[in-house]
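Comments concern the structure below.
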Amino acid sequence: MTAIRVLHVPARTPYARKLRDGNIQILNETTVNGLAVPRDATLTWLLEHRPWDWLDVVHLHHPDFESIPRLRTVLEECRRAGKRVVYTAHDLSPVFGDRATHHHRLRVLAEHGVPFVCLTPAAEAAARRRFAASTTVAPHGYVAVPGTPLRSRRREDGPTQFLIYGSLRRNRDIELVLACWRFARHLAATTLHLLLRAPSRASLADDGEVWRAIREHAADPRLRVDVLPFPTDDEVNTAVAAADCLLLPYRWASHSGQLEHALDLGVLPVAARTGYLPDQIALHRGRAPEPMWFDWPDNAPFDHGARLLDAMRTAHTAIQDGWHAHDAEKFVDYRRREHADVIAVYRELYEGNR
């Protein structure tokens, strides 16, 4: 049986790179008919490399930086060329750009009959209601490949270790975390590790206040800041497994791969209860512990810091009292079964059977 050839736009995340089996071939970072396919393929790159006899499916993940005319062109060209398009709806609310433009892109996808893969039933209901999209559900699944070393259940005495990793995005309030954590008397016996992606000039301009806060608080020896070009899976896994708590201070979000990552490695998530994050946890049906949730209600903006600190203090106390995660071996087995189901959903979509 000939493998289905899939181009991910883009393929930078573990989520995209895991969607393969003996019948699904990911083209990113391979050479096809003499063509070197980049990991982070864009629609512009795709349009520059026609005809598309070297691929079967275009799998869209994050179209935030694609213009709407370019998106329409690719969809129309794919229809003419008989190439299938699939969209994973990671974000129904935009992480980058404005809400109106983001929703316009999603309506364009729906109008062209592109199937939406939603990560939770609640997100599926929203996608149908807002965009009249053709939808199916496949859970996010693992981030750390099953078999990745877990956080040790036998923790040595010492400060509680908090971690934040990734790029500085405006939907995560890292500046508030720094200001609250550094001066919180009840968190004196804790550390904070920031594992960050190297900034661009654009991100330095957009996130200048956050970078200034990082420079200011870096004087505290309890704060460790690591900036890497693009952290590898191994580097991120090592950082997460070394932490006690993964901080997810989302101001808004739809879904979170980082939430799944914490569950994979047996780390306590401290997360804002927003978007469909509670729905992600509900999918695990008691197989994983509840995160340490906190709420940032719009009608109480002056309480945000207090609620964050309460959650961090509660997590710190739990860790020091011996908190431990779910049964890691059983959870890994569950992840393997879950992944097989996810692959089956995508295979049907790639083959045009849904």
Exercise. Looking at the range 1-17, which of its residues are in a loop (DSSP other than H, G, I, E, B) and closer than 23 Å to TYR165 by Cα?
Worked result: PRO10, ALA11, ARG12, THR13
Exercise. Does any residue in the range 17-32 that is farther than 13 Å from TYR346 by Cα come within less than 6 Å, Cβ to Cβ, of a residue that is part of a strand (DSSP E or B) and open to solvent by 20 Å² or more (accessible area, probe 1.4 Å) six or more places away or on a different chain, and which pairs are these?
Worked result: LEU27/ARG5
Exercise. Which is open to solvent by 20 Å² or more (accessible area, probe 1.4 Å), over 19 Å from THR135 (Cβ atoms), basic (Lys, Arg) and not assigned by the TED database to the domain that holds ILE24, of ARG347, ARG307?
Worked result: ARG307
For this session: Look through HIS186, HIS193 and report the one residue that is in the same structural domain as ARG251 (by the TED database), in contact (Cβ under 8 Å) with a residue 40 or more places away in the chain, surrounded by fewer than 16 Cβ atoms within 10 Å (Cβ to Cβ) and not polar (S, T, N, Q).
Result: HIS186
Exercise. Which condition number does ARG169 fail, the rest of (1) closer than 29 Å to ARG107 by Cβ; (2) charged (D, E, K, R); (3) crowded, with 19+ Cβ neighbours inside 10 Å being met?
Worked result: (3)
Problem set entry | Check on SER203, farther than 30 Å from VAL345 by Cα, surrounded by fewer than 18 Cβ atoms within 10 Å (Cβ to Cβ) and among the polar types (S, T, N, Q) | yes
Problem set entry | Among the candidates ILE4, ILE68, residue that is within 19 Å of VAL114 (Cβ to Cβ), open to solvent by 10 Å² or more (accessible area, probe 1.4 Å) and touching an Asp or Glu at 6+ places or on another chain (Cβ under 6 Å) | ILE4
Seminar exercise, completed: Within the range 128-141, the count of residues that are within 25 Å of ARG335 (Cβ to Cβ) and either over 17 Å from the mean Cα position of the chain (by Cα) or in a strand (DSSP E or B) (or both) comes to 3
For this session: Inspect the range 142-149 for any residue being among the hydroxyl-bearing types (Ser, Thr, Tyr), outside any strand (DSSP E or B), at pLDDT 95 or above and not assigned by the TED database to the domain that holds GLU111 and give the result as yes or no.
Result: yes
Exercise. Which of the residues that make up the range 238-255 are hydroxyl-bearing (Ser, Thr, Tyr) and under 28 Å from ARG154 (Cβ atoms)?
Worked result: THR238
Seminar exercise, completed: Those residues of the range 18-37 which are outside any loop (DSSP other than H, G, I, E, B) and either assigned by the TED database to the domain that holds ASP234 or touching a strand residue (DSSP E or B) at 6+ places or on another chain (Cβ under 7 Å) (or both) amount to ILE24, GLN25, ILE26
Seminar exercise, completed: Within the range 272-302, restricting to residues that are under 20 Å from the mean Cα position of the chain (by Cα) and of a type in the set (S, T, N, Q), the one that is least open to solvent (accessible area, probe 1.4 Å) is GLN280
Seminar exercise, completed: Among the residues of the range 83-117, the number that are of a type in the set (S, T, N, Q) and buried (at least 18 other Cβ atoms within 10 Å of the Cβ) is 1
Exercise. Which is more than 14 Å from THR88 (Cβ to Cβ) and either hydroxyl-bearing (Ser, Thr, Tyr) or assigned to a loop (DSSP other than H, G, I, E, B) (or both), of LEU55, LEU46?
Worked result: LEU55
Problem set entry | Residue count for the range 217-236, restricted to those that are assigned to a helix (DSSP H, G or I) and surrounded by 13 or more Cβ atoms within 10 Å (Cβ to Cβ) | 4
Problem set entry | Selection from the range 259-310 of residues that are on the phi > 0 side of the Ramachandran plot and without any contact (Cβ under 8 Å) to a residue 12 or more places away in the chain | ARG285, GLY286
Problem set entry | Hits in the range 172-222 (condition: of a type in the set (Ser, Thr, Tyr) and touching a strand residue (DSSP E or B) at 6+ places or on another chain (Cβ under 7 Å)) | THR190, THR191
Exercise. Among the residues of the range 301-354, which ones are out of contact with any helix residue (DSSP H, G or I) (no Cβ under 9 Å at 6 or more places or on another chain) and of a type in the set (A, V, I, L, M)?
Worked result: ALA311, ALA315, ALA318, ILE319, ALA340, VAL342, ILE343, ALA344, VAL345, LEU349
For this session: Only one of these is open to solvent by 30 Å² or more (accessible area, probe 1.4 Å), modelled with pLDDT of 95 or more, under 30 Å from GLY97 (Cβ atoms) and not basic (Lys, Arg): GLU175, GLU209. Name it.
Result: GLU175
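The values are calculated or read from the model by the stated rules, or taken from the named source; none is laboratory data. Remember, predicted model here, so these are calculated numbers, not experimental data. Note: ideal-geometry Cβ built from the backbone for every residue, glycine included; neighbour counts use all protein chains shown. Heads up: the accessible areas ignore ligands, DNA and RNA and are worked out on the full protein's heavy atoms, side chains in. Shrake-Rupley method; radii C 1.70, N 1.55, O 1.52, S 1.80 Å.
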